[in-house]
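No value in this document is a laboratory result; all are computed from the given coordinates. The model shown is predicted, which means the values in this text are computed figures rather than measured ones. Because the Cβ atoms are built from the backbone with ideal geometry, glycine has one as well, and the counts that use them run over all protein chains shown.
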Amino acid sequence: MYQDTVTLTVSAEHHGRENEAVDNAAVDVGLETVTAGVMKVHFNGQLAAPDEPTHVCITLNNGLSYYGPITGGDANAEGGWLSFECDMLDPELLK
C-alpha cells in the first residue's frame, strides 16, 4: 500500500446546489487499488467534511491527485477509509 502525508479534500457536489469542499491538510494515508477503477484511501484521525459528501480528492506530496466519486466508507475517532471511483495510475507503482 502506498503511504504518504497528503491533503485530503472531501466535497459535496450535488446537481442544482453550490459545490462545497473541505480541505484536510497533513493527513497520513494509505492508498490502494481495490479493483480496476476503484481505489481505497485509509486515513488516521477524523476528517472535516461537508454535509452529504459525494467526492474525494487526495493530493500527494509529489503533486499527483487521485479524485473521484465516493462509493463507500467507514470512520471512527481513530481513522477510517473511503472507497472511490478512479482510473488513475496504481499507487503501488509510485514507490
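Rg (Å, one decimal) plus Dmax (Å, integer) for the alpha carbons of the chain?
Looking at the chain, its Cα Rg and Dmax stand at 12.5, 41 Å.
Can you run phi through the Karplus equation (6.51, -1.76, 1.60; θ = phi - 60°) for region 20-34 and list ³J(HN,Hα) in whole Hz, with x for Gly and Pro?
10, 10, 10, 8, 10, 7, 6, 9, 7, 9, x, 10, 9, 8, 8
What percentages, rounded to whole numbers, describe P(r) for region 31-76 computed over all alpha carbon pairs with 5 Å bin width beginning at zero?
Result, from short to long distances: 5, 16, 30, 29, 16, 4 percent.
List the residues whose amide H sits under 5 Å from the amide H of residue 24, counting only those 5 or more places along or on another chain, with H placed 1.01 Å from N in the peptide plane.
8, 9, 10
How large is ³J(HN,Hα) for each residue in region 4-9, as worked out from phi by the Karplus curve 6.51 cos²θ - 1.76 cosθ + 1.60 (θ = phi - 60°), to whole Hz, x for Gly and Pro?
Coupling constants for region 4-9: 6, 9, 10, 9, 10, 9 Hz.
Rank the residues 15, 55, 42 as a footprinting-exposure proxy: fewest other Cβ atoms within 10 Å of their Cβ go first.
Numbers: 15 4, 55 18, 42 15.
Lowest count first: 15, 42, 55.
Dipole size in debye (nearest 20) for region 2-89 around its Cα centre, Lys and Arg Cβ +1, Asp and Glu Cβ -1? Write down the numbers at each step before the final one.
On the way: 2 positive and 13 negative charges, 29 e Å.
For region 2-89, the charge dipole is close to 140 debye.
Would you work out the relative contact order for the chain, in percent, from Cα pairs under 8 angstrom that are 6 or more residues apart?
Working: 226 pairs, mean separation 29.0, N = 95.
It rounds to 31 percent for the chain.
Which GluC sites (Glu not before Pro) does region 4-54 hold that lie in a coil by DSSP with at most 13 other beta carbons within 10 Å? Before the final figure, lay out each step's value.
Numbers: sites: 13, 18, 20, 32; in loops: 13, 18.
In loop regions of region 4-54 (DSSP not H, G, I, E or B), the sparsely surrounded GluC sites (Glu not before Pro) are 18.
Of the options 9, 26, 94, report the single residue whose Cα projects farthest towards the positive end of the charge dipole of the chain (beta-carbon charges: Lys, Arg +1; Asp, Glu -1).
The Cα lying farthest towards the positive end belongs to 94.
For the chain, set up a Gaussian network in which alpha carbons nearer than 10 Å are linked by springs, and say which option among 11, 83, 65 fluctuates the most.
65
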